[in-house]
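What follows is calculated from the coordinates using simple rules that are stated; it is not laboratory data. Bear in mind the structure is a predicted one, so any value in this text is a computation, not a measurement. For neighbour counting, all protein chains shown are included, and Cβ atoms are generated from backbone atoms with ideal geometry for every residue, glycine included.
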Amino acid sequence: MERHVYASEHDFVHKLEELVKSGVKPEDIETRTPHPVHHAEEILRMKPSNVRLFALVGGITGVATGYLFPSLTALDWTLFVGNKPLVGIPPYTVIAFELMVLFGGLSGFLGLLVTSRMPGIRTIISNDEFGDMFEIYVKRD
Amino acid sequence: MEHKAVATSAAAHPAAMKRLAIEREVISAMQKPGLLYWALVGLFATGFAVFLLGAWGIQIAKGIGLGGQLNPVGWGIYIVNFVFWVGIAHSGTLISAVLFLFRSKFRASFNRAAEAMTVIAVMCAGMYPLIHLGRVWYAFWLFPYPNQRLLWTNFKSPLEWDVFAISTYLTISVVFFYVGLIPDFAIVKRYTRGVSRHIYSVLSLGWVGSKRQWRNYNMLYALLAGLATPLVLSVHSVVSWDFAMGIVPGWHTTIFAPYFVAGAIFSGCAMVLTLCIPMRKIQRLENVMPIEHFEKLAKTMLFTSMIVGYAYTIEFLLAYYSGNVYEFGIFKDRATGYYKFQYWGMVFCNMIVPLPLFIKKLRRNLKWLFVTSIFVNIGMWLERFVIIITSLAHEYVPYAWGTYQPRGVEISIMIGTFCFFFMMFLLFAKFLPVVAITEKKEEVQ
């Protein structure tokens, strides 16, 4: 394992470009940075995060629950109030919207934990720290 | 909290020095609080226990009749405070989510404090429906759950929407707040020893800043910002519909949702200023919270003040133009009736006091901003009072008109929530990094 440490973002990005150009496979390069470096993600040709799928599934579940749950409960015991339809789509939209945000946000958070393999028990226990330098680790066979 | 020497040869680079300076400035604000600080926390904690828990206890024992709510004014200052605190909560999400989507640089100075304020303010708001319930042990009736009577909650009621809106808002605000804190917890871990190191280490969930972590983190942050932005608009709209769906004159108008949302952002910006101006001074955060950022926040406040002022004016016109005697009657009553001092106080605090902020020199004067923000806080509280109380006191039949005065127990509980709010904020300012360190570092080139 080869390690390079840089104090500036510029030098770090430059080295990454150099490594990728020299034929190192992006998946063999691991980085540690004090803040996100969007340019580095492009160089390493990273795919969009799967967190969005989690949020999407959560959001759809939320919308479905928000419409179905009030509708089914209204039909469970039919009680007409104020001559309004039993199942009222406009008022249920508020519930559906709120549940979309709630479920979408929570499952997105779950997505972060799953896709980033957090909580990382090993890093929590060990002295591995989130440093202030731009680090590159290259796996060489 | 001790500083650990982080000295490598590469650290001598100017960018690294700047990053280290940011880190140190924020972390040193978390140094062990002095006696005065603890005394202040203790004072607010006592205030919370005595004024809120004590008064609420007495109210539970004696009954809700201890408050001033009676016919026709069944919603007293408990509901005023509820709306007030939900409003305060709004700028937190505005600053963290909306300004994130607009890529506004000045958000990084305030977003952490504003998000903390949001979470605490929603807690304060959430207490009020419970306090107002009287028999608080039946609060679970608000939630849909299978019961023996096969009865479910009425999902068509705005009050039920409110249950969903407020609980979603609280949950999402907490998630947003926590997600933003994860990398910063990992930084704080580096500066601490012993038990606190373990606590921050667990809270950081093993964050190391790898490419995969940042990639997923940024995606989640953008998604949460995208979800929270319409949520901000929806929550206060739903709160406004608690009123607007009723056929009470002065409430039943379509302007209510945007009017409430603008008012919420207005009051929230004011509360951020009220909290951050002293915090900047006490915690010596002059470098990470530059004056330009306060100026921008002042501009946002001025802008929303004008929206609110426009709404006050247009409401009169709408009431007049509707040709509805009850509708226009209530507006005339607001300006000239029993509650005219509250009404003109509201107009003065929210429309007149922020106007000098058009002068750049005043926008950059923190003392001026602080005083303005206090006036706005008072003005926005009065606004909710005027909307809720005057409309109920002056409905359709003159025979049923009445007045309302808050009683001791209500005022005591109100003081108690303010104590709770400031106590929680003081604790936040000492135990969590008050400025988003990684975001500030990102600005360093």
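So that you can scan it fast, the table gives a plain yes or no per residue for (1) within 22 Å of A:Ala40 (Cβ to Cβ); (2) out of contact with any strand residue (DSSP E or B) (no Cβ under 9 Å at 6 or more places or on another chain); (3) within 9 Å of chain A (Cβ to nearest Cβ); (4) of a type in the set (A, V, I, L, M, F, W, C):
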position	(1), (2), (3), (4)
B:Thr192	no, yes, no, no
B:Ser196	no, yes, no, no
B:Tyr200	no, yes, no, no
B:Gly206	yes, yes, yes, no
B:Gly209	yes, no, yes, no
B:Leu220	yes, yes, yes, yes
B:Thr229	no, yes, no, no
B:Val239	no, yes, no, yes
B:Asp242	no, yes, no, no
What about A:Ile125, is it within 9 Å of chain B (Cβ to nearest Cβ) and surrounded by fewer than 18 Cβ atoms within 10 Å (Cβ to Cβ)?
yes
B:Ile187 being surrounded by fewer than 20 Cβ atoms within 10 Å (Cβ to Cβ), in a helix (DSSP H, G or I) and of a type in the set (A, V, I, L, M, F, W, C)
no
Residue check, B:Val163 within 19 Å of the chain's Cα centre (by Cα) and either at the interface with another protein chain (Cβ under 8 Å from one of its Cβ atoms) or among the polar types (S, T, N, Q) (or both)
no
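Listed here are the residues, each with its yes/no results for (1) among the basic types (Lys, Arg); (2) over 20 Å from B:Asn111 (Cβ atoms); (3) crowded, with 22+ Cβ neighbours inside 10 Å.
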site: B:Lys281; (1), (2), (3): yes, no, no
site: B:Asn287; (1), (2), (3): no, no, no
site: B:Pro290; (1), (2), (3): no, no, no
site: B:Glu295; (1), (2), (3): no, no, no
site: B:Gly309; (1), (2), (3): no, yes, no
site: B:Phe316; (1), (2), (3): no, yes, no
When you look at B:Ser173, is it of a type in the set (Gly, Ala, Ser) and under 19 Å from A:Gly66 (Cα atoms), yes or no?
no
Being more than 7 Å from every other protein chain (Cβ to nearest Cβ), closer than 30 Å to B:Ser201 by Cα and in contact with a Leu (Cβ under 8 Å, 6 or more places away or on another chain) is true for just one of A:Gly58, A:Gly105. Which residue is that?
A:Gly58
By residue number, the members of segment B:162-176 that are in contact with an Asp or Glu (Cβ under 7 Å, 6 or more places away or on another chain) and either more than 30 Å from B:Phe243 (Cα to Cα) or of a type in the set (Val, Ile, Thr) (or both) are B:Thr168
Quick check: anything in segment B:76-96 in contact with a helix residue (DSSP H, G or I) (Cβ under 8 Å, 6 or more places away or on another chain), more than 26 Å from B:Thr403 (Cβ to Cβ), of a type in the set (Val, Ile, Thr) and surrounded by fewer than 24 Cβ atoms within 10 Å (Cβ to Cβ)?
no
Within segment A:29-61, which residues are touching a strand residue (DSSP E or B) at 6+ places or on another chain (Cβ under 6 Å) and under 12 Å from A:Thr115 (Cβ atoms)?
none
Being surrounded by 18 or more Cβ atoms within 10 Å (Cβ to Cβ) and not aromatic (Phe, Trp, Tyr) is the filter; apply it to segment B:46-67 and report the residue that is farthest from B:Asp162 (Cα to Cα).
B:Gly47
Within segment B:123-159, track down each residue that is surrounded by 18 or more Cβ atoms within 10 Å (Cβ to Cβ), within 14 Å of another protein chain (Cβ to nearest Cβ) and not in a loop (DSSP other than H, G, I, E, B).
B:Pro158
For segment B:127-155, how many residues are under 20 Å from A:Leu86 (Cβ atoms) and of a type in the set (A, V, I, L, M)?
2
Going by the conditions given, is A:Thr115 within 9 Å of chain B (Cβ to nearest Cβ), surrounded by 15 or more Cβ atoms within 10 Å (Cβ to Cβ), within 30 Å of B:Ala12 (Cβ to Cβ) and hydroxyl-bearing (Ser, Thr, Tyr)?
no
Go through segment A:70-87 and count every residue that is crowded, with 16+ Cβ neighbours inside 10 Å and within 8 Å of chain B (Cβ to nearest Cβ).
3
Does segment B:118-162 hold any residues that are in contact with a helix residue (DSSP H, G or I) (Cβ under 6 Å, 6 or more places away or on another chain) and among the charged types (D, E, K, R), and which are they?
B:Lys156, B:Asp162
By residue number, the members of segment B:244-277 that are within 24 Å of B:His394 (Cβ to Cβ) and not in a loop (DSSP other than H, G, I, E, B) are B:Ala244, B:Phe256, B:Ala257, B:Tyr259, B:Phe260, B:Gly263
Output the number of the condition that A:Ile136 fails; it satisfies all remaining conditions of (1) facing another protein chain (nearest Cβ under 9 Å); (2) buried (at least 19 other Cβ atoms within 10 Å of the Cβ); (3) under 30 Å from A:Arg3 (Cβ atoms).
(1)
Considering only segment B:88-105, I want to know if a residue exists there that is within 14 Å of chain A (Cβ to nearest Cβ) and either without any contact (Cβ under 8 Å) to a residue 60 or more places away in the chain or aliphatic (A, V, I, L, M) (or both).
yes
Taking helices (runs of 4 or more DSSP H) that do not extend beyond segment A:1-115, which have at least 1 residues that are in contact (Cβ under 8 Å) with a residue 24 or more places away in the chain and more than 30 Å from A:Glu129 (Cβ to Cβ)?
A:51-76, A:89-115
Confirm whether B:Leu224 is over 24 Å from the mean Cα position of the chain (by Cα) and either assigned to a loop (DSSP other than H, G, I, E, B) or farther than 30 Å from B:Phe358 by Cα (or both).
no
Out of (1) facing chain B (nearest Cβ under 8 Å); (2) closer than 19 Å to B:Asn218 by Cβ; (3) not hydroxyl-bearing (Ser, Thr, Tyr), what's the single condition that is false for A:Glu42?
(1)
Given A:Tyr92, A:Tyr67, which one is more than 9 Å from chain B (Cβ to nearest Cβ), at negative phi and hydroxyl-bearing (Ser, Thr, Tyr)?
A:Tyr67
